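What follows is a single structure, written as structure tokens, with notes after it.
The values are calculated or read from the model by the stated rules, or taken from the named source; none is laboratory data. A quick note: this is a predicted structure, and the numbers were derived from the prediction, not measured. With ideal geometry, Cβ positions are generated from the backbone for all residues, glycine too; neighbour counts draw on all protein chains shown. We work out accessible area using only protein heavy atoms, side chains counted, and drop any ligands, DNA or RNA first. Shrake-Rupley method; radii C 1.70, N 1.55, O 1.52, S 1.80 Å.
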Amino acid sequence: MENEFIKKKVLLAPLDPVHDIGLKMIKRGLEKRGHETILLPPDYSAEEIIKTIIDKNVDVVLVSRTIGYGVAEILGKFIDLAEAAGIRDKVRIGIGGMAIRPELAAELGFDAGFGPGTTVEEAIAFVEGREYVPAEGKNAKVKKDITKGYDYEFHNKRIEKLLDSIVDAILSYVSDKTSPAVLRAQIRRQMLESSDESEIQSLRKDYAALCDDTIKSFYEAGKYRQKTRPMTEDEINSLTRYVDSVNERMKPLNLQHTGKNPVVFIQYGTGCPFMDIAHIKSCEAWGADGAVHFDPSWGARAEGFLEGYITHEEDGSVITYENLKSIKNSLLPSTLWQVRAHRGLNTPETVLLAGKIGADLTKINIAYGSLGGGTDPERLTVDAVEAIKYAAEFNMPFDVVTNEELCGVPAYKAFAGMLIVSKLGLRLGGKPILQPLFCYSPEVMISGQMEDNYVDFNAAKIYCLRNIVNAPIWCGAPIGFLTQTEDRVQSSLMTALHASLASSLGVDGISIASSDEAFSGGPITAPARIDTLRATQASFRFFGQSNIIPTDNAKKWAADIEEGIEKTLELVEKNGNFVDALYKGLLGSREDGAYPGRAGRNSVTKK
């Protein structure tokens, strides 16, 4: 009875020299619903289509136009002819095709306009005169837990035994030690959980006493760091209105074409919370699944955090409770959010704030933070153990990045450090995520593993890690590092190819850069972010369930990396002291290009 009631006679008219595939698909859908359809050849003139409308006494007309030249004039003439024939008020007319936008259709006088990406279901809803409501859950973005399904079982038992021994030594080493950062995190927690303003003021004094002069002057004299200022009330209110408006209109795309495609993260840190959120919203709309917070380099070197809504004129966004809260409140429910804490002098407090505000993920790696991030190894080891405890408490998985490769540290040494921190995380109840780089690193520049292709050595990294442990893998920081250039087409293509390789290898997540992020040419732009998101989406669609097949070198190099990891861990275990091993260069030496960091040196004290 329902089909009888809504049955329509529909004319499908390709106002185009050759293209009618879209209308044929709609025709099939309409006939399944019980509608009568008439499909015209693609060489009918506007006058012939109007005559057919009258002769066949149709209820609805769907016109398609794929070719873009002269589209406004051709379609405007069609509506003029319909009005002159007296049928415009009797027949509903929709227009669709690659050259169409809803705004253009409305301007020309059509009842509806369907652009690229329109579904058959949308066209049927128009024919039946009802609002199109997508099927429940169809194409809806859902926040994904990239650690789900992993039991962290070690396949290489020799490596696991070495890791256990090294972790035992780390936990023993830090058991009687603390740092200004550990103490500040404890005070910050008390401040966040107190409702007594006098108590909070007293705690602020205790907090300031543990900060360096730049941060202390903020608490004692209200002085901000150079090029840093509080946001005005008008700016904060405008930001809230902007987020509400955008979220109301947001219809995010999906980047993934198959279930095997990884989740895709973008990175932000413009210095301005308003700009950060604008970039995040643009990326969410175009399909990004997650966003990673970049703190300023000076913030990582400073003892302590500021407070309030703060903007500044340099890269990296200032970490405060209020700034992070504004980011969190702006995100779609499906968006994964990571606050990085893998380096610097505020690692425990960063993870505490992230957990309190509701971040999904954080980032911690002692080896990279010490050898590539500039923090003293002893200080970061003490801080990281506390940070991992917070991550476990707030159920925040943390990735263990290997960016020291960009300094020149070979992959096997970087992976040894990554596995040590991962095992430490497991021991403390955390959920580590392995983060190998997909990059053209100094190691391969010198040794030549990428002279032929970028596939084999990157694949070798994944093969190696899968051989060692059943753990989630998130490639990045970002993928394709040092393969992109300032050419936006080349940069987007390289990102897409690396994304496809990562997907083919079955990784769980990837981080991608914007197409203008590969060089220091000024601020990152929203269109350049969309470049790489669209390129990644297209690459996922192109490869689908198919795979990229590395050469035999990949498995050979995977075995070499695994052997190198084991030998490195043997040296660290034999040395007996993880911190000392970092100072001595066992996980990355001066010859490699890595130097133990100096920030926070001599600041660790006995409890």
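Summary of values
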{"quantity": "For the chain, accessible area per residue (1.4 Å probe, heavy atoms of protein chains only), Å²", "calculated": "43 Å²"}
{"quantity": "Share antiparallel - DSSP beta bridges, the chain, percent rounded to 5", "calculated": "10 percent"}
{"quantity": "Under 18 Å from residue 363, Cα to Cα: aspartates and glutamates that are on another chain or at least 8 residues apart", "calculated": "145, 289, 295, 349, 376, 383, 386, 393, 399, 404, 405, 508"}
{"quantity": "Heavy atoms of residue 128 accessible to a 1.4 Å probe, total area in Å² rounded to 10", "calculated": "20 Å²"}
{"quantity": "Rg(Cα)/(2.2 N^0.38 Å) for the stretch 110-215, N = residue count", "calculated": "2.23"}
{"quantity": "Peptides 166-179, 565-578, 496-509 ordered by average Cβ neighbours within 10 Å, highest first", "calculated": "496-509, 565-578, 166-179"}
{"quantity": "Exposure ranking of 418, 25 by accessible area [1.4 Å probe, largest first]", "calculated": "25, 418"}
{"quantity": "Of all accessible heavy-atom area on the chain, the percent that carbon and sulfur account for (1.4 Å)", "calculated": "51 percent"}
{"quantity": "Using alpha-carbon coordinates, inclination of helix 553-575 to the longest axis of the chain, degrees", "calculated": "30 degrees"}
{"quantity": "Largest to smallest accessible area among 283, 272 [probe 1.4 Å]", "calculated": "272, 283"}
{"quantity": "Inverse mean reciprocal Cα-Cα distance (Kirkwood Rh) of the stretch 315-415, Å", "calculated": "14.0 Å"}
{"quantity": "D (Stokes-Einstein, µm²/s), Kirkwood Cα radius, the stretch 215-372, 1.306 mPa s at 10 °C", "calculated": "97 µm²/s"}
{"quantity": "From phi via Karplus (6.51, -1.76, 1.60), per-residue ³J(HN,Hα) for the stretch 588-604 in Hz, x at Gly/Pro", "calculated": "x, 9, 4, 5, 5, x, 9, 10, x, x, 10, 5, x, 5, 6, 9, 7"}
{"quantity": "Relative contact order (%) - criterion: Cα under 8 Å, at least six apart; region: the chain", "calculated": "14 percent"}
{"quantity": "Loop-located chymotrypsin sites (Phe, Trp or Tyr not before Pro) in the stretch 299-337 whose Cβ has at most 12 other Cβ within 10 Å (DSSP)", "calculated": "none"}
{"quantity": "Local electrostatic count, residue 488, Cβ distance below 13 Å [Lys/Arg +1, Asp/Glu -1]", "calculated": "-3"}
{"quantity": "Lys/Arg +1, Asp/Glu -1 at C-beta; the stretch 532-607 dipole; positive extreme among 589, 565, 537", "calculated": "537"}
{"quantity": "The stretch 300-325-the stretch 91-114 distance, computed between alpha-carbon centres (Å)", "calculated": "47 Å"}
{"quantity": "Cα centroid of the stretch 196-224 to Cα centroid of the stretch 359-424, whole Å", "calculated": "29 Å"}
{"quantity": "C-alpha center-to-center spacing [the stretch 8-66, the stretch 539-607] in angstrom", "calculated": "63 Å"}
{"quantity": "Read-out Rg and Dmax of the Cα atoms in Å, derived from the coordinates shown; its label in (1) 33.2, 135; (2) 23.8, 80; (3) 28.9, 94", "calculated": "(3)"}
